[in-house]
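What follows is a short report on a single structure.
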């Protein structure tokens, strides 16, 4: 085309943009078309489809997002993937009533975070999966995209895919509460026990509590957003670490049962001796498996396992070599304890004589 004629056409459309649509197609060059669109973005509808370029679409949409309606689908498919990558704010500026399933899939493939701006009615499972696949930066620690996924099974797929790179606590905190299912809760708590605090109350169970302490120790139960009734002795026992005295101190004093205190005494004898106040008074001074163990060790000079003491406290006879009672020492006897009467009874292994003594 004659350069002088093109220059004349450019001047003409800049002066009166409406004349662009009357130009013959061969005179709608890239330069003339860009000038016409710059003056009036809606002129993009008069550019022949085969002549539309990335620059024209970019110029029209940057000036007026509503022009998406004037861009043929074939051009959307060819140019928008690049535009959405180059202009991360473009998709969210498009009018919602102009969005189509095809347009949304182009957007999330270009940038997974565009899922945030997809209307809920257009979010399919496949669309959400495309968004997750298009967001490799989740591996760097950014899990915000999961907040925009309304499907539990897709969320779980995403969590499993990124759990090796992102802390599960960060992942589950991003989820909508309504999408968290027992399956998601099980997976998350198995990865990081502290996830229990982010689980909705109606899904919190003692099984999850026990898993939480197995995974992350007793610090996993410190949160006030965890139901108190699932902070059980079994859960806390799972969280005791023989190499970490703090694992016992994480247990609130009112939750330090005689059984837990006995376990702590066996695991951390020196620390408990140095810090006797870690054992609550009601445990140390009451009739229970902890105080019974102390008395039995004192009277027999022997050490007993937790299981032995628990069985003994609950009535199972215990064979001992020696038992010091007042100023008398009994030898080779069977001792039995009645927790209701708080009373010992003794039977000689050889003579089967029975004696009793209150604790």
* Structure fact -> Taking every alpha carbon pair in the range 48-89 and sorting the distances into 10 angstrom bins from 0 up to the bin holding the longest one, the percent per bin comes out as 29, 66, 6
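Would you mind ranking 186, 281 so that the residue whose beta carbon has the fewest other beta carbons within 10 Å leads the list?
Numbers: 186 17, 281 9.
Ranked by crowding around the Cβ, least crowded first: 281, 186.
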* To do: Measure nothing fancy, just the Cα-based angle from helix 258-267's long axis to the longest principal axis of the chain, in degrees from 0 to 90, nearest 10.
  => 90 degrees
* Which values, in whole Å and largest first, are the semi-axes of the equivalent ellipsoid of the range 91-231 obtained as the square root of 5 times each eigenvalue of the Cα gyration tensor? -> 32, 14, 11
* To do: Could you tell me how many degrees, from 0 to 90 and to the nearest 10, lie between the Cα long axis of helix 152-162 and the main elongation axis, the longest principal axis, of the Cα atoms of the chain?
  => 80 degrees
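As a footprinting exposure proxy, order 170, 9 by other Cβ within 10 Å, with the fewest listed first. Mind showing how you got there, number by number?
Values: 170 17, 9 24.
By the 10 Å Cβ count, ascending, the order reads 170, 9.
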* To do: Return the single residue from 177, 316, 341 with maximal mean-square fluctuation; model: Gaussian network over the chain, springs between Cα atoms under 10 Å.
  => 341
* To do: Mind jotting down the three principal axis lengths of the chain based on Cα atoms? Whole angstrom, largest first.
  => 127, 34, 26
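Using Cα-Cα distances under 8 Å and only pairs 6 or more residues apart, what relative contact order does the range 136-239 have, in percent?
On the way: 151 pairs, mean separation 22.1, N = 104.
Relative contact order comes out at 21 percent.
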* Structure fact -> Per 10 angstrom bin, beginning at 0 and ending with the bin that holds the maximum distance, the Cα pairs of the range 217-265 fall in percents of 27, 63, 10
* **Coordinate range along principal axes, alpha carbons of the range 211-359, Å, largest first** => 58, 29, 25
* So how tilted is helix 182-191 from the main axis of the chain? Cα-based, degrees 0 to 90, rounded to 10. -> 70 degrees
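Quick one: compute the contact order of the range 242-356, relative version, from alpha carbon pairs under 8 angstrom and 6+ residues apart, as a percent.
Working: 143 pairs, mean separation 18.0, N = 115.
Worked out over the range 242-356, it gives 16 percent.
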* To do: At 7 Å along the Cα-to-beta-carbon direction for both residue 340 and residue 181, put a label point, then send me their distance in nm to one decimal.
  => 5.0 nm
* To do: Could you calculate the FRET efficiency of residue 82 with residue 21 from 1/(1 + (r/R0)^6), where r is the beta carbon distance between them and R0 is 25 Å, rounded to 0.05?
  => 0.40
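Could you list 226, 172 so that the one with the fewest beta carbons within 10 Å of its beta carbon is first and the one with the most is last? Before the final figure, lay out the partial values.
Working: 226 22, 172 26.
The fewest-first ordering by Cβ neighbours comes to 226, 172.
Report the percentage of all Cα-Cα pairs in the range 1-84 whose separation exceeds 16 Å, rounded to a whole percent.
Details: 1592 of 3486 pairs.
For the range 1-84, the fraction of Cα-Cα distances above 16 Å is 46 percent.
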* Asked: Pick from 158, 301, 112: which residue has the top mean-square fluctuation in a GNM of the chain where Cα pairs under 10 Å get a spring?
  -> 301
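Each reported figure results from applying straightforward, stated rules to the coordinates on display, with no laboratory input. This structure is a prediction, so every number in the text was calculated from the model and none was measured. Heads up, the Cβs are rebuilt from the backbone with ideal geometry, glycines too, and the neighbour counts pull from every protein chain shown.
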